[in-house]
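Beneath this line is the structure, given in structure tokens, with notes to follow.
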Amino acid sequence: MAAAGNVEFIRARSDKREYRRLLLPNALECLLISDADTDKAAACMEVGVGSFSDPEGLEGLAHFLEHMLFYASEKYPGEQDYTKYISEHGGSSNAFTSSETTNFYFDVNADNFEEALDRFAQFFIKPLMSQDAVLREIKAVDSEHKKNLLSDGWRMHQLQKHLASKDHPYHKFSTGSWETLETKPKERGLDIRLELLKFYENYSANLMHLVVYVKESLDCIQSLVESLFSHVKNTDQRSFKCPSQPLSAEHLQLLVKAIPIIEGDYLKISWPVTPNIQFYKEGPCRYLSHLIGHEGEGSIFHIIKELGWAMDLVAGAGSDSNEYSFFSVGMRLTDAGHDHMEDIIGLVFKYIHLLKEDGIHEWIFDELASINETEFHYQDKVHPISYVTSTVSSMRLFPPEEWLVGESLPSKYAPNRINMILDELSPERVRILCESKKFEGSTNCAEPWYNTSYSIENVTPYMIKQWIQKAPTEKLYLPKPNIFVPKDLSLKEVPDKVLHFRQY
Ligand SMILES: [Zn+2]
């Protein structure tokens, strides 16, 4: 029997949709959403298997499998039966492979949802994975890789991964290529299709989360989901756990100078930190990114913009994993900014020092919490396809009543947690990446997968101390309270008189 739980979802005040949690007998956990006003229906399946699970020497296998599932199934054996049906009925479909999950999603005209969902469900029940599809999809993965070779985003991301512990999956190349999926496995005498089938065994119902978004009632969609997804096999796989931190001492206190493909200088200062997700109710990284990324007077950005050194600044922690995360401050530099890189780094550290000296303030946390609350409760409705893809990730990370809210509403003021992260943003733990074509001719290393040229220098706490001393820090101070942040969002009684005022 499937269990449909009575969950009291924490939800936005403006949200009129209906929700239901459903746990199928095969341990597949689902969230059903009914929206009478929608003309599109959507679904997203997140499988808790990603590129970190790629077998040694078969880089990109998880991504390759993601491609193969789109191709055809035993029930719908025609090539592109799924994608064709979706696009012919006003929809779109896609998927992505991240380090710990693979996500598949689509939307379609509300009236065509049932048939589309049946085709989609076959990915997880009986995909065809035919021999002829294998070669074509390796080529597709390879051409994706060739495109990525020209993208600085992919190149710099891989460079950061390259400069990490070799025995941590973070270090690996994740997307795959002709070399990793065809040439090298052949040399080792491996049949890549058999490897693919073996890898597909990891796709167990107990590692899956499904969100469906429909026009019909919850009861109606519940019986459809039960009838389709109860056939997904449950082999009780263990969910992936990262072995440890990806960076050790040798990967810290570094300045990496790398050459991008595209013109323009970029500076990124980052630190490994305790993931915010472990303390999402306290939100320590949010507190710090609010201040370090502040753009008002007294902020880092305000100063470097006035000096003509940077065009933008973003600060915050990524939600990479439950086990590790990086807090970073990134900015696009001008030519003058490039020449003052040391001053900018000094300024960032001076501000962090200021945050420590000045202490943590409850009024700043309250102000941030109020901003978050307004944003959450009065958010605009997003497209069903965006809603299902963002909500599905919460299912793996949060208890059911918090699936709709996730990390968005930090509510517990915990200065000790904020101080803990602040201590992690130290000169001893930093690594700095600077991208610029001005480094051409002065680099001496190449990252193996993307062939990005770079060089490495050591940055000691003593050097940073000197940079702080010569940085233009006199105008640096914490923001003042913002009187325009609403503190009370409850509706006020408005007397009739006021409502009719304009008629006079
Ligand atoms: Zn792909």
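Quick notes on this structure:
- Förster-model FRET efficiency, 51 Å R0, Val485 and Lys84, C-beta, rounded to 0.05: 0.55
- The loop-placed trypsin sites (Lys or Arg not before Pro) in segment 104-206, going by DSSP, that have at most 13 neighbouring Cβ atoms within 10 Å of their Cβ come out as Lys166, Arg188.
- Sequence-separation-based contact order of the chain, relative, with Cα cut under 8 Å and 6+ spacing, percent: 21
- Radius ratio Rg over Rh of segment 249-470, counting only Cα atoms, Kirkwood formula for Rh: 0.99
- Highest mean packing first, where packing is the average number of other Cβ atoms within 10 Å per residue, the peptides 42-50, 278-286 line up as 42-50, 278-286.
- Taking each of Lys147/Lys241; Lys139/Lys184; Lys305/Lys470; Lys139/Lys438; Lys281/Lys350 in turn, the alpha-carbon distance tops 24 angstrom for Lys147/Lys241; Lys139/Lys438; Lys281/Lys350.
- Scattering curve values for segment 3-229, log₁₀ I(q)/I(0), Debye with Cα scatterers, q = 0.08, 0.09, 0.10 Å⁻¹: -0.33, -0.42, -0.52
- Selected from Ile221, Val405, Ile86, residue furthest toward positive end of dipole (the chain; charges at beta carbon): Val405
- Extent along principal axes [Cα atoms of segment 6-97; Å; largest to smallest]: 49, 34, 26
- The order of the peptides 375-381, 87-93 by mean Cβ neighbours within 10 Å, most packed first, is 87-93, 375-381.
- Inter-part distance, segment 19-80 to segment 83-148, computed on C-alpha centroids, equals 9 Å.
- Cut-off 16 Å, label 7 Å out along Cα→Cβ of Ser411, residues of segment 5-39 by amide N: 8-14
- Taking packing as the residue-averaged number of other Cβ atoms within 10 angstrom, the listed peptides 203-215, 94-106 run from highest to lowest as 203-215, 94-106.
- Cα gyration tensor category, rounded, prolate or oblate, for segment 168-232 with a/c compared to 1.5: prolate
- Across segment 244-372, counting alpha-carbon atoms alone, Rg and Dmax equal 15.6, 44 Å.
- Above 35 Å, the calculated P(r) of the chain contains 44 percent of its Cα-Cα pairs.
- Kyte-Doolittle mean at least -0.5 and Cα axial length at least 18 Å: DSSP H helices in the chain: 341-358, 362-377, 384-397
- Extension gain from Asp111 to Leu150, taking 0.36 nm per residue of separation minus the Cα-Cα distance: 9.9 nm
- Under the Karplus curve 6.51 cos²θ - 1.76 cosθ + 1.60, θ = phi - 60°, whole-Hz ³J(HN,Hα) for segment 255-266, x wherever Gly or Pro sits: 10, 9, 9, 10, 9, x, 7, 8, 4, x, 9, 9
- Per-residue Cβ neighbour rank within 10 angstrom, fewest leading, Trp271, Trp154: Trp154, Trp271
- Other residues within the sphere of radius under 13 Å centred on the Cβ of Val141, judged by their own Cβ, net out at -4 (K and R +1, D and E -1).
- Sorted fewest first by neighbouring Cβ atoms within 10 angstrom, Ile385, Ile344 come out as Ile385, Ile344.
Taken together, the values in this text are just the output of simple stated rules run on the coordinates, not laboratory data. Being a predicted model, the structure only gives us computed values, none of them experimental. Neighbour counts are summed over all protein chains in view; Cβ atoms, including those assigned to glycine, are modelled from backbone coordinates with ideal geometry.
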